[in-house]
Amino acid sequence: MTWCCLNGTMMPIEQAKISPMDRGFLFGDGVYEVMARVDGRIRAKSLHQARLQSSLDAIGLSVSVDDVFAGVDQLTEKAGLLDAKIYIQVTRGAAAARDHAFPSKISPTVFLTISEFAAVSQKPSIAIVRPDIRWRRNSIKSVSLLGNVLLMQEARASGAHEAILHRDHLVTEASTSNVFVIRGQSLMTPPLSDLILPGITRHLVIEMASQIGLNVIEEPIHVDSLPDADGVFVSSSTRGLMPIVELDPGGQVGNGQLTQAFMALQAAYDERLHHHE
Ligand code: PLP
């Protein structure tokens, strides 16, 4: 049975009902988080709390993040899953009428769900490379994901596993992850801006890379430079570090093999998964 928590009430997911007037449904007016629970602990919980707060602030939605996470604790206890994926969605709520501007009286909808999940090392994968067709505020973890959905669908339909995106020929991120490039002992990733999500895994990778002696460079990356990198990988809470060995267009990345630097990072990440607060 899949458990969820809707506005503070725990229930099997089949029993959850949300109004069609919910602004999350009508406008995509809401934000979300996805977290991995490993060995009974939410990985990088405080970073997810801070990012949820910043997404809520960015869309002018006032909800107590502490209360949301108290719900998460109750839900994890109820579900009893030690390794799980936890989804949090907060929308502006259901209004009487459909109006783009915020209604004056409205109470947010807080929806939490938990499902079974095991963090596993990802296989060498293929990415399509496409113009970033999304809006310009991607640092907000918004539930309006139509651009990401269309890009991931295009990747899947062509037998690939991700879509790496670029704006004016500069890499932004991927449809569900952040992008890293390895060249020798250097690890490059696009700098934080409105155009990319400040990934929690990105944050951890940067910390670990410095610890294992890689030179971290947060600078714009030209999309044409991807194929001749030594390695490319993408990062996210649910997929961890996923090596990209083939690009479409672009062909093979480097010599098509995983680099020593990637394997060292992967080992450090696996170790960290089991020890971070
Ligand atoms: N970028 C996008 C567009 C994402 O959807 C995600 C995760 O879902 C990420 C980056 C990676 O973020 P995190 O490492 O916090 O999971």
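Since every read-out is calculated from the coordinates, none of them should be taken as a lab result. Predicted model, so just to flag it, every value in this text is computed and none were measured. Note: ideal-geometry Cβ built from the backbone for every residue, glycine included; neighbour counts use all protein chains shown.
Observations on the structure shown:
- Since only Asn7, Ser225, Leu273 are under comparison, the one whose Cα sits farthest along the positive direction of the charge dipole of the chain, derived from C-beta charges on Lys, Arg, Asp and Glu, is Asn7.
- Measuring max minus min along each principal axis, the C-alpha atoms of the range 125-273 give extents of 38, 31, 25 Å (largest first).
- Under 15 Å, Cβ to Cβ, from Leu258 - net charge with Lys/Arg +1 and Asp/Glu -1: -1
- In a simple Cβ point-charge model (Lys, Arg +1; Asp, Glu -1; nothing else charged), the chain has a dipole of about 600 debye relative to its Cα centre.
- Structure-based [θ]222 nm, the chain - -39500 (n - 2.57) summed over DSSP H runs of at least 4, per residue, nearest 500: -8000 deg cm²/dmol
- Pairs of lysines in the chain (C-alpha under 27 Å apart; 8 or more residues apart or interchain): 13
- Qualifying trypsin sites (Lys or Arg not before Pro) in the range 23-115, where qualification requires a DSSP coil assignment and no more than 11 other C-beta atoms within 10 Å, comprise Arg98, Lys105.
- The slack between Glu219 and Asn255, meaning 0.36 nm per residue of separation minus the straight C-alpha distance, is 10.6 nm.
- For the range 115-161, trypsin sites (Lys or Arg not before Pro) meeting the loop criterion (DSSP other than H, G, I, E, B) and having at most 11 other Cβ atoms within 10 Å: Arg136.
- Annotation: extensible slack from Asp168 through Lys105 equals 18.5 nm (criterion: 0.36 nm per residue apart, minus Cα-Cα distance).
- Added length on full extension, which subtracts the Cα-Cα distance from 0.36 nm per residue, Gln211 to Glu271: 20.3 nm
- Calculated over the chain, the projected area of the Cα convex hull averaged across directions stands at 14.5 nm².
- In range of the label at Arg98: residues from the range 20-44 whose backbone nitrogen is under 19 Å from the point 7 Å along Cα→Cβ: 20-30
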